[in-house]
Structures are given as C-alpha cells and as structure tokens.
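Heads up, the thing below is written out as structure tokens.
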Amino acid sequence: MFKVSRRILLPAALLALLLLAACQAQTVEVTRVVSEEVTRVVTETVLEEGQPIEVTRIITEQVEVTPVAAEEEMADDLITYDSYSTTDIPTLDPQIGEDAVSINYIENLFVQLTNYELETAATCTDWAERQLRAVQLCVLIDGGTSEADFVHRVGSLIQAGVPMLQLRAKQLDDRT
C-alpha cells in the first residue's frame, strides 16, 4: 500500500511543480522607439532697425518617443493603505456612504484626488497665470448652425494658430 501511494505522489508532485513553473509572471520589456512629428508655433519680438517686429515661425521637428512600461511609471506613485475592520465595508460609493466605516475607507481611497500639497498648487497656479498672460488673442465663438459647423470652425481657428477659444453659447452644454 505504501508503494502505491509513492507511485502516485511522485508524479503528482512533478505535475504540481510544472504547473507552478508555467504560471510564473512574465516580464515584458518595451524596446520600440516611436518617432512622432511635432509642430510648434513660436512668436518672438525682434528689434530690427530700432523697431520691434513680431516674428511668428512654425517649427516642425521629429521627436523620438520611447514608451515606458506602465509598471515602471507607476512604481513610484503607489500608495498602500493598511487597515482592518471588524465588519464588512458597506459601500465604497461616495454618493451613498453614510456609516463611519465606509466614510473612512472612501476618504482614504480618494485622498490624492482631493488633497494636494500647497507647493504643487502654487506652482500650477503660477504656470496657469504665465500661460494666460502669454495669450495675445482670444476668439469668442458661438455654437454655429450645427455640430459639424462648430467642429469645422474650431479646427480652422486652431490651425490658424489661435491660442485660446472661448465658447459663448448659453443654449449649448460647455461641460461635455
């Protein structure tokens, strides 16, 4: 009886080892380099014969973009929240969370979406202010007669180099 179970145990153990070896995580390495054409509009003021002249140039160049694996990109941003609860978590939906357990987990889940460092906020605000001050032309547009007309008009303005558009149409939804 002991020999019979050894005959069964050895092949079963080998089969289990083969299954474990086959189920190991595979490492994917991204080595492809993608070339992308980038077009920029550069406007600068140059003094010529004592007079300031505004020069606008369109620069088109090839830029090599190397894709980064998502795991490497996210590795530094991972945050782990270790906690326990003696009860089940009733919900993780912020709209319907009412109890203390749900609220605690919801707050910790969404904390990076709602809280930010003051230094980061100040940097973003300064950047936005510089960008807005640099805008010399803002075109006010309405919705046009149709969606196709609107899309065509916006595309034409962007191709013409208009840096800022503002939609002025109370009858249209400007949020979606």
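The values are calculated or read from the model by the stated rules, or taken from the named source; none is laboratory data. All values derive from a computational prediction rather than experimental measurement. For neighbour counting, all protein chains shown are included, and Cβ atoms are generated from backbone atoms with ideal geometry for every residue, glycine included.
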Checklist entry - Out of the range 136-166, which residues are touching a strand residue (DSSP E or B) at 6+ places or on another chain (Cβ under 8 Å) and modelled with pLDDT under 85? => result Gly143
Checklist entry - Does any residue of the range 84-104 turn out to be touching a helix residue (DSSP H, G or I) at 6+ places or on another chain (Cβ under 7 Å) and either modelled with pLDDT under 80 or of a type in the set (Phe, Trp, Tyr) (or both)? => result yes
Checklist outcome for this item: How many residues of the range 141-176 are surrounded by 10 or more Cβ atoms within 10 Å (Cβ to Cβ) and not in a helix (DSSP H, G or I)? The answer is 15
